[in-house]
Amino acid sequence: MNLPENIQIKLWKVVLLCGSVLALFLLLLSINEIRAFMQPFPSQAATNTITVSGSGDALSKPDIATFSFGVTETAKQVGDAQAAATTKTDAAIKAMTDAGVSMDDIQTLSYNINPHYEYTGSVCTSNGYCPPSKSVITGYDVSQTVQVKVRDLSKAGTLLAAVGSLGVQNVDSLQFSIDKPEAIQNQARAKAITAAQTKADTLARELGVHIVRVVNFSENGGGVVSPIMYSAKAMNIASDVAVAPNIPAGQQKITSDVSITYEIR
């Protein structure tokens, strides 16, 4: 049966359209199959796993030192106590900046004003009434604590001695640390991961299984800091003579502990 030419053309267009749709469908199906092969069971939680741990250390020399000093002054008037405290604090800060410490590395940790009270009793009357006692402010304590960050460690002992000779009441909390520990932490983590991977490979070989992928990772770690405590009295610093103590900075160890869970087959 011969169909008109225009009908034959329309049929061919329908056949070509259906063929194109079928080809596109098969292409998408193939892509999904490939993805499923490359990522086995992506929506399923791993049921067969092993968990291993690893630890890594990295050593580095500290590059900053911090210490604090405190000033406390007492006077009957709060303004007088503040003026006296400010004079001593400013003198100590000037000594730090004259030695090369930046003002950005000098920070006030606390500033407190505490009144002194004196309580007086009242005489009871003949009918047994005793008026309440009264409190009277007799003076004020003004205290300020300042923290100093020293980037030139060779000056740490000299700065401690200098500030201790200026009449401040407390010089303490000397602590060495690493200003930017991220790079050292990365080194420790890399060692810890390598140790865990080696352990996982050995365990998989002994169990006769294959490691498929990592399904969980966690890390605990941080630098170990041992603060060295000093006071002006402990350093035997007199008001007129400042003795610079020798304070070795040593090395600081940063540790990373990791835990890795692998899917196995």
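Filtered by the rule that a residue be surrounded by fewer than 17 Cβ atoms within 10 Å (Cβ to Cβ), assigned to a helix (DSSP H, G or I) and in contact (Cβ under 8 Å) with a residue 60 or more places away in the chain, segment 199-219 gives 199, 203, 207.
Apart from one condition, residue 160 fits all of (1) within 17 Å of residue 107 (Cα to Cα); (2) within 22 Å of the chain's Cα centre (by Cα); the exception is (2). Consider residue 52 carefully, then state whether it is among the hydrophobic types (A, V, I, L, M, F, W, C) and surrounded by fewer than 18 Cβ atoms within 10 Å (Cβ to Cβ). No: the conditions fail for residue 52. Among the residues of segment 13-20, none qualifies, meaning not one is at pLDDT below 95 and closer than 30 Å to residue 190 by Cα.
Regarding residue 74, is this residue part of a helix (DSSP H, G or I) and under 22 Å from residue 172 (Cβ atoms)? Judged against the criteria, residue 74 is not a match.
Annotation: residue 151 fulfils all but one of (1) under 30 Å from residue 71 (Cα atoms); (2) in contact with a Gly (Cβ under 8 Å, 6 or more places away or on another chain); the unmet one is (2).
The residue that is surrounded by the most Cβ atoms within 10 Å (Cβ to Cβ), among those in segment 87-104 that are in contact (Cβ under 8 Å) with a residue 24 or more places away in the chain and in a helix (DSSP H, G or I), is 92.
Any residue at all in segment 196-208 that is out of contact with any Ser or Thr (no Cβ under 7 Å at 6 or more places or on another chain), modelled with pLDDT under 70 and charged (D, E, K, R)? Checked against the condition, which is being out of contact with any Ser or Thr (no Cβ under 7 Å at 6 or more places or on another chain), modelled with pLDDT under 70 and charged (D, E, K, R), segment 196-208 yields no hits at all. Out of curiosity, is residue 168 of a type in the set (A, V, I, L, M) and part of a loop (DSSP other than H, G, I, E, B)? Yes, satisfied.
Is one or more of the residues making up segment 165-181 more than 21 Å from residue 67 (Cα to Cα), surrounded by 18 or more Cβ atoms within 10 Å (Cβ to Cβ) and at pLDDT below 95? Scanning segment 165-181, I find no residue that is more than 21 Å from residue 67 (Cα to Cα), surrounded by 18 or more Cβ atoms within 10 Å (Cβ to Cβ) and at pLDDT below 95, so the answer is no. Kindly check whether there is at least one residue in segment 148-157 that is under 19 Å from residue 177 (Cβ atoms), of a type outside the set (Lys, Arg), touching a Ser or Thr at 6+ places or on another chain (Cβ under 8 Å) and touching a residue at least 60 places away in the same chain (Cβ under 8 Å). Taking every residue of segment 148-157 in turn, at least one turns out to be under 19 Å from residue 177 (Cβ atoms), of a type outside the set (Lys, Arg), touching a Ser or Thr at 6+ places or on another chain (Cβ under 8 Å) and touching a residue at least 60 places away in the same chain (Cβ under 8 Å). All of (1) surrounded by 16 or more Cβ atoms within 10 Å (Cβ to Cβ); (2) in a strand (DSSP E or B); (3) polar (S, T, N, Q) hold for residue 107 with one exception: (1).
The values are calculated or read from the model by the stated rules, or taken from the named source; none is laboratory data. Fair warning: this is a prediction, and the values are worked out from it, not measured in the lab. Don't worry about glycine lacking a Cβ; one is built from the backbone with ideal geometry, like all the others, and counts go over all protein chains shown.
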